[in-house]
Amino acid sequence: MSYVKPAELATRMVDAGAYKLQLSTRDTLIRAFMGAALLTIAAAFAVTVSTQTGQPLLGAVLFPVGFVMLYLLGYDLLTGVFTLGPLAVLDRRPGATLGALMRNWGLVFLGNFGGAFLVAILMAIYFTYGFSTAPSAVGEAISEIGHGRTVGYADHGAAGMLTLFIRGVLCNWMVSTGVVLAMVSDSTIGKIVAMWLPIMLFFYMGFEHSIVNMFLFPSGLLMGADFTVWDYLIWNELPTVVGNLVGGLLFVGLPIYLTHGRPKARKGRSAGRLGRLGRALTVDTALTSDERRRTEESTPLPEPTHV
């Protein structure tokens, strides 16, 4: 299995972020919708395994199948673009602006919610025989998750909100590590193994993932769980989104970029240019910096093969 060193990994991360920011509205929404749908089907699968076997660890071991499928197919999650998009802006890639970043985040959020909510409806039908009976044991387990992770936090007030936020931070520290580790290998098996480890960890630890929660909580509400939409938004989804943003960017994207990425590469290139003083200039190196920038901006980014 091939291994990509951190310096090249940092460049791949920036390339991926820049590519995602230039995607059309249609492509961004479709990829986000399908990404969330696959991930949340896997969440339903993991809860089913945990409930029916009484072994939560087994559910956590199997949950990463959804994450693997969606990233091998090139779909997107909000947790991933939280980490990759800002790096393209920091690196001043053509078209990577704050406006483009906000647009991407907004579209991915909408697409993710659409895919997760569809799965929530389908699974609620599945667990209740089309709402004709009480929820099955798995349906009841999902409803209890929704109650415990909304009202349960609210019962602790500010301490509960802090705990929720920290669980969101820890979640995307692990999930975005999975996103990045998918780029450390060019082989399918290498990508799968690298992604599997941090995703299994986050699920078993009960960290808060904004996309998984877009499925768990609406499906619980559809099956009559004892909490409200307001409880879901204030005491889970919105703080989780903020925690996911902080965790992915602060503990995954920025550390790799700052220590292995473009600033270091620019320093190395500057030293190399000083060492080449006195050599004859070729036609290619005769381009001015302005000409190079215009050339870059007029050329659309190719899709990264490593994402």
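The values are calculated or read from the model by the stated rules, or taken from the named source; none is laboratory data. These numbers come from a predicted model, not from an experiment. Glycine also receives a Cβ, built like all others from the backbone with ideal geometry; neighbour counts cover every protein chain displayed.
Being in a helix (DSSP H, G or I) and of a type outside the set (Val, Ile, Thr) is the filter; apply it to region 175-186 and report the residue that is surrounded by the fewest Cβ atoms within 10 Å (Cβ to Cβ). Among those residues, the one meeting the criterion is Leu181. Identification of helices (runs of 4 or more DSSP H) wholly contained in region 191-256 with 3 or more residues that are surrounded by fewer than 19 Cβ atoms within 10 Å (Cβ to Cβ) yields 238-248.
If you filter region 1-10 down to residues that are in a helix (DSSP H, G or I) and more than 18 Å from the chain's Cα centre (by Cα), you find that the one that is farthest from Ile192 (Cα to Cα) is Ala7.
If you take the residues in region 1-24 that are of a type in the set (Lys, Arg) and out of contact with any Asp or Glu (no Cβ under 8 Å at 6 or more places or on another chain), which one is surrounded by the most Cβ atoms within 10 Å (Cβ to Cβ)? The qualifying residue surrounded by the most Cβ atoms within 10 Å (Cβ to Cβ) is Arg12.
Among the residues of region 124-131, some residue qualifies, meaning at least one is over 29 Å from Phe251 (Cα atoms), more than 24 Å from the chain's Cα centre (by Cα) and aliphatic (A, V, I, L, M).
Just one of the listed residues (Leu84, Leu39, Leu90, Leu58) is surrounded by fewer than 23 Cβ atoms within 10 Å (Cβ to Cβ) and either within 16 Å of the chain's Cα centre (by Cα) or free of Cβ contacts under 8 Å to residues at least 24 places away in the same chain (or both), and it is Leu58.
Taking the criterion of being free of Cβ contacts under 8 Å to residues at least 60 places away in the same chain and among the small types (Gly, Ala, Ser), no residue of region 238-260 qualifies. Criterion first (within 24 Å of Tyr257 (Cα to Cα), surrounded by fewer than 18 Cβ atoms within 10 Å (Cβ to Cβ), within 19 Å of the chain's Cα centre (by Cα) and modelled with pLDDT of 95 or more) does Gly74 satisfy it? Judged against the criteria, Gly74 is a match.
Considering only region 129-142, I want to know if a residue exists there that is buried (at least 24 other Cβ atoms within 10 Å of the Cβ) and more than 30 Å from Tyr257 (Cβ to Cβ). Yes, that holds for at least one residue.
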